[in-house]
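In what follows, a single structure is set out as structure tokens and then discussed.
Read the figures in this text as sums done on the coordinates, not as results from a lab. Not measured: the values here are computed from a predicted model.
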Amino acid sequence: MEKRETKTRLINEITTTGLQTAAQKLGASATKKQIRKSVSKNLSLIDQLLRIALIKSKDPSKRAQRNMEFIGLGVIAAHSFYNGLKKKKRLWIFEGVFLTAALGGVLLATQLKAVKQQIR
């Protein structure tokens, strides 16, 4: 059985390679080091947000924390996108789009979870 560290490293490598390939296809050249530096801090935020969003706890403090994480990720995405447009850096624009897509996915998952709970 693989150790947890090995699985995490493998997932990070696959994610980095995928993002590098997507950036190259869209016309922005980026090394794996650049992608890791710019996206790694945001991936941990997305991971934390997913964990909080999909928790079954109805604790109000968790909801407040989740909402703050939503806002934080939205601000980071908008800031990356804006700076990319302002400084004409395609990689930053793609980072903003990636973060926006991640935020949309988490919001969609949260809403689907809420709908399932209402149906029951």
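What to note about this one:
- Helix 4-25 vs. the chain, principal-axis angle (Cα, 0 to 90°, nearest 10): 60
- Between 0 and 90°, nearest 10: helix 90-119 axis offset from the chain longest Cα axis: 20
- Over the chain, dividing the summed -39,500 (n - 2.57) contributions of all DSSP H runs of at least 4 residues by the number of residues returns a 222 nm mean residue ellipticity of -30000 deg cm²/dmol.
- Histogrammed with a bin width of 10 Å, the alpha carbon distances of the chain distribute as 12, 37, 31, 17, 3 percent, first bin at zero.
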